[in-house]
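Before any comments, here is the structure.
The values are calculated or read from the model by the stated rules, or taken from the named source; none is laboratory data. If you're wondering where the values come from, they're calculated on a predicted model, not measured in any experiment. Cβ placement follows ideal geometry from the backbone for every residue including glycine, while neighbour counts extend to all protein chains displayed. Areas reflect the complete protein model, heavy atoms only, side chains present, ligands, DNA and RNA absent. Shrake-Rupley method; radii C 1.70, N 1.55, O 1.52, S 1.80 Å.
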Amino acid sequence: MTSYVTLPYPFEPTEAPPEYRGRPIIDPERCIGCGACARACPPDAITVEDDLQRGVRRVKLDVSRCIRCAFCEEACPAMAIKLSREFELATPNKEDLIQIVEIPLVKCAVCGRYTNATVRQVAKANAITTHLPQALREEMSGYVNLCDRCRRVRAASRIYESIPIFHKPSTKATVGEVHGSKT
Amino acid sequence: MGRKLKSIWVFHLNTGACNGCDIEILDVLTPYYDAERLGVKLVGSPRHADALLVTGPLTRQTYYAAKKAYEAMPPSPRIVIAVGTCACSGGIFYDSFSVHGGIDKLLPVHIYIPGCPPRPEEILFGIAQLVGLVNKKVKQVVQRASPELKTEPLERLWLDLREETRRVVGYFDRDEVLNTFKELVLKAYTRYDPRRSLEKLVDEYCSQTDDPRLCFVMKYLYTRFLDILEWYKKSHYNIEDMLREEAWRRAT
Ligand code: SF4
Ligand code: SF4
Ligand code: SF4
């Protein structure tokens, strides 16, 4: 009987061991588009950009840049990105190695422009602040749907309203008026 | 590459690799992986080579050497194989002052084999693809996420605990360890005096496991869990009632 030393690999399939660090894969069901992975990634294999025309945030993972350090998996707060055991990645075309996840952005409730938060980020923020007092949550919920500019305007007018010595009814401004559009 | 390749003679060119990829190439040539089955032969001069096996990012130092090696190859088929993330795109060195990027900045690449370093099977897969034994398995994906997000009840607590687990457990086992602890917590909260019974459950777990590290993590998480509860209490977050509810919901 002959015994063979050589692995029959390309002719017969094989699997990587369980702790093998293969290509990372983003789970589009879980990703909230926070960009923590892009910050953690040492070679910038993950990039995040907002497409304000279409109103989506694009999380782009370029496996041909990835060194499989698992920093992204460490950083992800939604447990969305995971290193898989996939290793058969060779390809003649580098574009094949790109994964893009698009997550819708929130539309500003006042001016209608896209904000810099995704719909899922807001959902996540709501889910982890359930312990806050109801009044505070209500105050917060007035802000999460606004763009940066409207948020500042709202904060300013809320402060203005809360300080009695400034408060003259004739000069009181509302968010819509300051911004030039009524909601 | 119009015609099918049969046996490729390769010249190994290191343009600035950290040597990780070169070691893997060495591995591929050992009898265990035996790339010579696929017709690959390592040659000592680019003049004899059909293919250039490039590892490492394209550095300024090696730019002209790589160019010369490519020009010294016979005019056809002049295949370039990029092995490793560095050769594919510059990898971890991509923004270094002395690095141009991947080898594709200089030469037309026929096959990219990413990985840092790629395991020998990955390199074999790449070569097998060159000689037409297998087809590529990856393709670009663009996924549009739906606006809904699945969230768990008590998400905040589990996230805080995960943050604590991060301090002592590596990424590979973290979720598993955390899930074990989660089950202990939910079990304890179906009982009278959950804190005491959680302590007992952790002790029980420690006596059953033969891995002292797991025992340490569980005890650590237990103390952190109590701290988190205290902290929640200060911010008027009455989590214990919610935990009890959730525990009963799961138990029934
Ligand atoms: S494993 Fe490392 S290099 Fe790869 S995407 Fe994650 S953080 Fe970036
Ligand atoms: S994969 Fe994780 S860390 Fe990266 S954007 Fe999505 S949720 Fe954030
Ligand atoms: S891809 Fe990784 S292992 Fe290969 S040369 Fe670059 S840094 Fe080294």
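Among residues of region B:120-139 being surrounded by fewer than 21 Cβ atoms within 10 Å (Cβ to Cβ) and of a type in the set (Val, Ile, Thr), the one that is nearest to A:Glu86 (Cα to Cα) is B:Val138.
Show the residue pairs that are 6+ apart or on different chains and have beta-carbon atoms under 8 Å apart, the first residue being within region A:29-55 and within 14 Å of A:Ala75 (Cβ to Cβ) and touching a residue at least 40 places away in the same chain (Cβ under 8 Å), the second being within 16 Å of ligand 3 (Cβ to nearest atom) and open to solvent by 70 Å² or more (accessible area, probe 1.4 Å). Taking only residues 6 or more apart or on different chains, the pairs are A:Cys37/A:Phe71. Suppose the filter is more than 10 Å from chain B (Cβ to nearest Cβ) and farther than 24 Å from B:Pro147 by Cα; does A:Ala36 pass it? No.
For residues that are surrounded by fewer than 13 Cβ atoms within 10 Å (Cβ to Cβ) and at pLDDT 70 or above, scanning just region A:156-170, find the one that is farthest from A:Ala109 (Cα to Cα). Walk me through it before giving the result.
Going through region A:156-170, the residues surrounded by fewer than 13 Cβ atoms within 10 Å (Cβ to Cβ) turn out to be A:159, A:162-170.
This time we only want the ones that are at pLDDT 70 or above, so: A:159, A:162-165.
Numbers: A:Ile159: 20, A:Ser162: 22, A:Ile163: 25, A:Pro164: 28, A:Ile165: 30 Å.
Ranking the qualifying residues of region A:156-170, first place goes to A:Ile165.
Any residue at all in region A:80-101 that is facing chain B (nearest Cβ under 7 Å), surrounded by fewer than 20 Cβ atoms within 10 Å (Cβ to Cβ), away from ligand 3 (no atom under 16 Å from the Cβ) and in contact (Cβ under 8 Å) with a residue 40 or more places away in the chain? Yes, that holds for at least one residue.
Across region A:1-31, the number of residues qualifying as surrounded by fewer than 16 Cβ atoms within 10 Å (Cβ to Cβ) and touching a Leu at 6+ places or on another chain (Cβ under 8 Å) comes to 2. For region B:73-94, a residue qualifies if it is in contact with a Pro (Cβ under 8 Å, 6 or more places away or on another chain) and more than 7 Å from every other protein chain (Cβ to nearest Cβ), and the qualifying residues are B:Met73, B:Val80, B:Val83, B:Gly84, B:Cys86, B:Ala87, B:Gly90, B:Phe93.
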